[in-house]
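Below is one structure; the comments refer to it alone.
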């Protein structure tokens, strides 16, 4: 019986494990964040980690559709982050 060593599967397992741990820590910061900017930053981190998962899935499955999903998520998150930042700036600094 031979043990086949596939570096891509090993790396994918490590990537998913590290991203999962990072996602848990980001959710903790989202819940415990004392200020609104902390929560916005944790949501942005969660979105970036979701993009990382999508790209890792693209590498494993060799299907380019996951890259389209990653680009779509990045565009939506960017627009949302800018909108929330403008709202928070107006709320905290224009008083």
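Taken as Cα centroids, segment 72-90 and segment 8-28 sit 25 Å apart, rounded to the nearest whole angstrom.
Sort 66-75, 26-35 by the packing proxy (mean of other Cβ within 10 Å over each peptide's residues), most packed first.
Details: 66-75: 14.6, 26-35: 12.6.
Highest to lowest by the protection proxy: 66-75, 26-35.
Pairs of Cα atoms nearer than 8 Å and 6+ residues apart set the relative contact order; for the chain it is 24 percent.
For the chain, rounded, prolate or oblate, judged on the Cα gyration tensor with a ≥ b ≥ c (square roots of eigenvalues), a/c < 1.5 rounded, else prolate if a/b > b/c? Each step should come with its number before you reach the end.
Values: a/c = 6.47, a/b = 2.08, b/c = 3.10.
Oblate is the answer for the chain, as a/c is 1.5 or above yet b/c matches or exceeds a/b.
Note on residue 87 and residue 14: the model spin-label points, each 7 Å out from Cα along the C-beta direction, lie 4.0 nm apart. Remark: spin-label model distance residue 24-residue 64 equals 3.7 nm, labels positioned 7 Å along the Cα→Cβ axis. Taking the C-alpha atoms only, the angle from helix 36-61 to the longest principal axis of the chain is near 20 degrees.
Every number here is computed from the coordinates shown, using simple stated rules; none is lab data. For clarity, every value in this text was computed on a predicted model and none was experimentally measured. Here Cβ is always computed from backbone atoms with ideal geometry, including for glycine, and neighbour counts include all displayed protein chains.
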